[in-house]
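*Asks:* Below: one structure in structure tokens.
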Amino acid sequence: MQTRNSSGLIVGFTPETFILTGLPGMEAEHIWISIPFCLMYIIIFLGNGTILHVIHMNSTLYQPMYLFLAMLALAELGISASTLPTVLRIFLFDATEIDFNVCLLQMFSIHSFSIMESGILLAMSMDHFVAIYSPLHYTVILTFPRIILIGITTGLKSVVLMAPLPVLLQRLPFCGHNTLSHSYCLHPNLVHLPCADTSINNIYGLFIVISTFGLDFLLIVISYILILHTVLGIASGGSRWKALNTCGSHVCAVLVYYVPMIGLSMVHRFGQHLPALLQPTMANIYLFFPPVVNPIVYSIKTKEIRRGIVHIFSRKRVRRDISQKHGR
């Protein structure tokens, strides 16, 4: 859609499509690069899906920790499902075009699920704090309705906060600039393309970052300071280690989520003169690393999840043996 000034001259337009970029300078190797991406998607959907299945099938796991873990798995599945169509189209078929509105929808989806994941990580840190600080009142404070309310509130907050961004981008002219730096649509990348004043977009984007990721991370740090203070007050060394060990998986989840995010934010803002391959690589680490690592860590570190997975496979083996026996 073209835009004209008062003299009737074309000054800008909204493109019908954007051009997505895989990994700059590695276009000839796209088919080989698609292999690790396909493997990561398999791990993400299989790993997080297995955790959801284990929690769903075992009613004894309908507890705060595991319900929050299920929400985390859902958020990670949402992020991965949002990126999958464009990533695989680029690396498997060299299809780099994406419709303007579809791009905005993908941006909205990726960032909404990302905000949701940050909020769930905060809820999980609060869950650990309550469990350590006041174990006798744990089930009274974190009741099932409250957990569901936290999940719904976190989801609604992410949607409401993200809703204005596509609208703000739609009103801007792009003047022929429609090539993105990633294989999916992210707001920090899109907001640099318009040839008009993007101050409102930048200010609102910064507000979202500070009020969600920034505030969530600050509260997570505070919750762990309180956890450490509480644990250090425990007389028994064995009890201290046991209490801290329950937080190990969550600390890992926080690190693999926020460290790549901070790195990507720094590259977006100050990395204009860095190698072109760095930005998409950091974006891929940010979006793919947590959904791949978290189900593996929680499956190894969480005894109940591990038992549930073993039970699923042992039950399948028994069924297979029975069917083979009857087949004879």
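*Asks:* Enumerate lysine pairs in the chain that are 8 or more residues apart or on different chains, then count those whose Cα atoms are under 29 Å apart. Kindly include the intermediate steps, with their values, before the conclusion.
*Replies:* Values: Lys242/Lys301; Lys242/Lys303; Lys301/Lys316; Lys303/Lys316; Lys316/Lys325.
Taking the chain as the scope, the lysine pair count is 5.
*Asks:* Separate question: Roughly how many whole Å is it from the C-alpha centroid of region 20-59 to that of region 100-127?
*Replies:* About 18 Å separates the Cα centre of region 20-59 from the one of region 100-127.
*Asks:* Here's something else I'd like to know. If Rh is defined by the Kirkwood formula over all Cα pairs and Rg also comes from Cα, what ratio Rg/Rh do you get for region 1-148?
*Replies:* Rg divided by Rh gives 1.16.
*Asks:* Next question, about the same structure. Please report the net charge: other residues with Cβ closer than 13 Å to the Cβ of Leu277, K and R +1, D and E -1.
*Replies:* Result for the neighbourhood of Leu277: -2.
*Asks:* Distances over 11 Å make up what percent of all Cα-Cα pairs in region 197-236? Before the final figure, lay out each step's value.
*Replies:* Numbers: 531 of 780 pairs.
Roughly 68 percent, rounded to a whole number.
*Asks:* Give the calculated FRET efficiency between Thr246 and Asp94 to the nearest 0.05, with a Förster radius of 56 Å applied to their Cβ-Cβ distance.
*Replies:* 0.75
*Asks:* To the nearest 10 degrees, how steep is helix 303-327 against the longest Cα principal axis of the chain, on a 0 to 90 scale?
*Replies:* Orientation of helix 303-327: about 80 degrees from the principal axis.
*Asks:* Non-local amide H neighbours of Thr179 (under 5 Å, H modeled in plane, Pro and chain starts lacking H): which ones?
*Replies:* Here Ile19 satisfy the definition.
*Asks:* Using the beta-carbon distance between Arg306 and Ser199 and R0 = 56 Å, what value does 1/(1 + (r/R0)^6) give for FRET efficiency, to the nearest 0.05? Before the final figure, lay out each step's value.
*Replies:* Working: r = 51 Å, r/R0 = 0.91.
Calculated value: 0.65.
*Asks:* Express the relative contact order of the chain as a whole percentage, based on alpha carbon pairs under 8 Å and six or more residues apart in sequence.
*Replies:* Numbers: 358 pairs, mean separation 83.9, N = 328.
Normalised by residue count, the contact order of the chain is 26 percent.
*Asks:* For region 165-206, report the convex hull volume of the alpha-carbon atoms normalised per residue, in Å³, without decimals. Working shown, then result.
*Replies:* Working: hull volume 2.7 nm³, N = 42.
Expressed per residue, the convex hull around the Cα atoms of region 165-206 is 65 Å³.
*Asks:* Please quote Rg/Rh for the chain to two decimal places, taking the Kirkwood radius as Rh and restricting both calculations to Cα atoms.
*Replies:* 1.04
*Asks:* Considering every Cα-Cα pair within region 222-305, what fraction, in whole percent, is farther apart than 16 Å? Let's see the in-between values first.
*Replies:* Numbers: 2211 of 3486 pairs.
Everything past 16 Å amounts to 63 percent.
*Asks:* Follow-up. Taking the square root of 5 times each eigenvalue of the Cα gyration tensor, what semi-axes in Å does the equivalent ellipsoid of region 113-155 have, largest first?
*Replies:* Working from the Cα gyration tensor, I get semi-axes of 21, 12, 4 Å.
*Asks:* Are there cysteines in the chain with no other Cys C-beta under 4.7 Å, and if so, which?
*Replies:* Cysteines lacking a close Cβ partner in the chain: Cys38, Cys247, Cys252.
*Asks:* Let me ask something additional. Which value, to two decimals, describes the C-alpha radius of gyration of region 78-155 once divided by 2.2 N^0.38 Å?
*Replies:* That works out to 1.61 for region 78-155.
*Asks:* Once a ≥ b ≥ c are taken as the square roots of the eigenvalues of the Cα gyration tensor of region 134-270, is the result rounded (a/c under 1.5), prolate (a/b larger than b/c) or oblate (a/b not larger than b/c)?
*Replies:* Cα axes put region 134-270 in the prolate bin.
*Asks:* Using helices alone, what [θ] at 222 nm do you get for the chain, with -39,500 (n - 2.57) per DSSP H run of 4 or more residues, divided over all residues and rounded to the nearest 500?
*Replies:* -24500 deg cm²/dmol
Taken together, the values in this text are just the output of simple stated rules run on the coordinates, not laboratory data. Note that this is a predicted model, so its numbers are computed, not measured. Reconstructed Cβ throughout: ideal geometry from the backbone, glycine too, with neighbour counts over all protein chains shown.
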